[in-house]
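J.: Handing you a structure now.
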Amino acid sequence: MAKKKRQKKIKSSSKVLTYTAWILTVIALTLSTILAGYYIGYNSAKEELSQQIKIKKSKEIKEPEKKKENVKGRLKNILKKELHKQAPKVYISAAHELDEGVLAPLPKIQKHKRKLTTSKPKLAIIIDDVGTRSQVDAIKSLHLTLTMSFLPPSAGRPNTPKLAAKEPFYMVHLPMEAMHWSAEEPNTLHIHDSQKIISKRIVTIKKLFPKVHYINNHTGSKFTADERAMDRLIFALKKNNINFIDSRTTAKTKVPNALKKFGLQYLSRDIFLDHHMDKAYVLKQIKHAIKIAKSHGNAIAIGHPHKNTLQALYESKELLKEVDLVLINKIR
């Protein structure tokens, strides 16, 4: 009997050991599976994270290059939009400003020799005829210090005061009577306008453009050649704390005489950048403007918001570092 009991105990113990072994095996397999899954998942996640870091670094390296490429591309797109949507079908160069399209020589005013100084010569570039949002965008996309001169509002260009209001500094390009120009702007000033008419016009301009402190003439070859008319205009401008820059559209300009009577300094354009439309000409004129600035200590150039002019300015960025590119209020 004792022998049978021992055999039963042995069998029972054997079964327990077998079950225990199976349970341990199952546990071991389960743990192995979990660990394997964790290891595979960890490696996969690690690999994915590493890949994302590589992509991010690659993007960061390429970003400056993309920005450089995008500036030129963005400028071209803006200019393309401007030419097709807003600009006239025929390119109008600076010649439309001048008396019979002939470049007026500098008035016979003594140019002072440049004083020896450690500072760079100053160059102010005025962009005339600004009238649309796309023109403003194109000019600003150059990231150059340029003085925008806005035309007064008209039916085809109603938003110039709103556009100017967003700028910290600007000029007004005031339409004045020309000797030979039939396509006059609305409210163009004429030589026979009375003091009352001229003063009223300037008050209106000041209301439309509250921050304006500088005005230059749009066309105006006939008006600026008439001393009495200029006397009336300078009187109205001085009363409203506005300075006059002579665009010098005629060699017969009487602006120096009128300003002298009021004890004011005469400032005028030294060079037109885009008297002719081709980019090679504009590039040459930019070099000439820099040369004048170096010779006299400062210079004033005038251009227009046309494709070739703006692209030439963009391509001359390095060259323009030879001078201090400033707003018109920094020229004395």
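J.: For Leu267, enumerate residues with amide H under 5 Å from its amide H, sequence gap 5+ or separate chain, H modeled in the peptide plane.
T.: Those qualifying (amide H under 5 Å, at least 5 residues apart or on another chain) are Asp246.
J.: Still on this structure: I'd like to compare 213-223, 296-306: which one has the highest average count of other Cβ atoms within 10 Å, and what's the full order after that?
T.: 213-223, 296-306
J.: Continuing with this model, one more query. Non-local amide H neighbours of Met148 (under 5 Å, H modeled in plane, Pro and chain starts lacking H): which ones?
T.: Amide H to amide H, under 5 Å and 5 or more residues apart or across chains, Met148 pairs with Ile127, Met171.
J.: Please give me the summed charge of the neighbours of Thr145: other residues whose Cβ is under 13 Å from its Cβ, Lys and Arg +1, Asp and Glu -1.
T.: +4
J.: Taking H placed 1.01 Å from N in the peptide plane, check which residues at least 5 places from Lys122 or on another chain put their amide H under 5 Å from its amide H.
T.: Those qualifying (amide H under 5 Å, at least 5 residues apart or on another chain) are Asn298, Ala299, Asp324.
J.: I'd like the Karplus ³J(HN,Hα) series for region 209-221: coefficients 6.51, -1.76, 1.60, θ = phi - 60°, whole numbers in Hz, and an x wherever there's a Gly or Pro.
T.: Taking θ as phi minus 60°, the curve returns 10, x, 8, 6, 10, 9, 10, 10, 7, 8, 6, x, 4 Hz for region 209-221.
J.: Can you tell me the length gained on complete extension of the stretch Val203 to Glu318, counting 0.36 nm per residue apart and subtracting the Cα distance?
T.: 37.3 nm
J.: Return the FRET efficiency for the residue pair Lys330, Asp278: r is the Cβ-Cβ distance, R0 is 35 Å, and the value is rounded to the nearest 0.05.
T.: For Lys330 and Asp278, the calculated efficiency is 0.70.
J.: Please turn the phi angles of region 132-146 into ³J(HN,Hα) values with the Karplus equation 6.51 cos²θ - 1.76 cosθ + 1.60 (θ = phi - 60°), one per residue in order, whole Hz, x for glycine and proline.
T.: Rounded to whole hertz, the list is 10, 4, 5, 5, 4, 4, 5, 5, 5, 5, 6, 6, 10, 7, 10.
J.: Still on this structure, I have one more. Residue by residue through region 250-263, what is 3J(HN,Hα) from phi via Karplus (6.51 cos²θ - 1.76 cosθ + 1.60, θ = phi - 60°)? Round to whole Hz and write x for glycine and proline.
T.: So the Karplus estimates, Gly and Pro as x, are 8, 6, 8, 3, 10, 4, x, 5, 5, 5, 4, 4, 9, x Hz.
Read the figures in this text as sums done on the coordinates, not as results from a lab. Treat the numbers as computed from the prediction; the structure is a model and nothing was measured. Glycine also receives a Cβ, built like all others from the backbone with ideal geometry; neighbour counts cover every protein chain displayed.
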